[in-house]
1. Could you estimate the translational diffusion coefficient of the chain from the Stokes-Einstein equation, with Rh from the Kirkwood formula over C-alpha pairs, at 25 °C and 0.890 mPa s, in whole µm²/s?
2. What number, in percent, do you get for the relative contact order of segment 9-93 if the mean sequence gap of Cα pairs under 8 Å and at least 6 apart is divided by its residue count?
3. Evaluate E = 1/(1 + (r/R0)^6) for residue 39 and residue 119, where r is the Cβ-Cβ distance and R0 equals 41 Å; express this FRET efficiency to the nearest 0.05.
4. Can you work out the FRET efficiency for the pair residue 152 and residue 16, with r the C-beta to C-beta distance and R0 = 35 Å, to the nearest 0.05?
5. For segment 105-174, what is one quarter of the convex hull surface built on the Cα atoms, given in nm²?
6. Want the number for residue 167 to residue 55: 0.36 nm per residue separation, take away the alpha-carbon distance, what's left?
7. Could you list 92, 82, 41 so that the one with the fewest beta carbons within 10 Å of its beta carbon is first and the one with the most is last?
8. Using only alpha carbon pairs under 8 Å that are at least six residues apart, calculate the relative contact order of the chain and give it in whole percent.
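All of the numbers you see were taken from the coordinates with simple rules; none came from a lab. In this text the structure is predicted, and so the values were computed from the model without any measurement. Because the Cβ atoms are built from the backbone with ideal geometry, glycine has one as well, and the counts that use them run over all protein chains shown.
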């Protein structure tokens, strides 16, 4: 997942494939919240060279753990094949407000991660959706940590200070 240079755009998912022959796209939403795309009229797809393309949404629907997205003017698999692999962005102002304690992935990427004892673990550089809970990937030099995004581990997130404080489970940092 790449970081976002335009602070008003927020990444919400990725095009993972096509569905059928009528131009439907399979989408994985990073938040798992269908509302983050169902209420949108447009999406911005970011291409491999960073080019952004704003496209109008014709329809969206839940399909298992993924979302099927139909874009206006695209009704054939050959038209949408080039979009597979692209990240999906929307304007931050058009997203629902999150409850306290919940964050958009793009707000967490780049946070400094420290333990409650003050040990600097590194920078949160990616997030994996595992189904039960997200896992934060934290890197410092050549060392990487996998931090489960659960209440017992993540103590505080201070977006203003750019710091996430964690209380690692026993043995977590030795993995």
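1. On the way: Rh = 17.4 Å.
Rounded to a whole number, D works out at 141 µm²/s.
2. On the way: 187 pairs, mean separation 37.0, N = 85.
Computed value for segment 9-93: 44 percent relative contact order.
3. 0.50
4. On the way: r = 31 Å, r/R0 = 0.88.
Computed FRET efficiency for residue 152 and residue 16: 0.70.
5. Working: hull surface 18.3 nm².
That works out to 4.6 nm².
6. On the way: separation 112, 0.36 × 112 = 40.32 nm, distance 4.22 nm.
Here the answer is 36.1 nm.
7. Numbers: 92 15, 82 12, 41 9.
Fewest-to-most ranking of 92, 82, 41: 41, 82, 92.
8. Numbers: 344 pairs, mean separation 33.1, N = 175.
Across the chain, relative contact order equals 19 percent.
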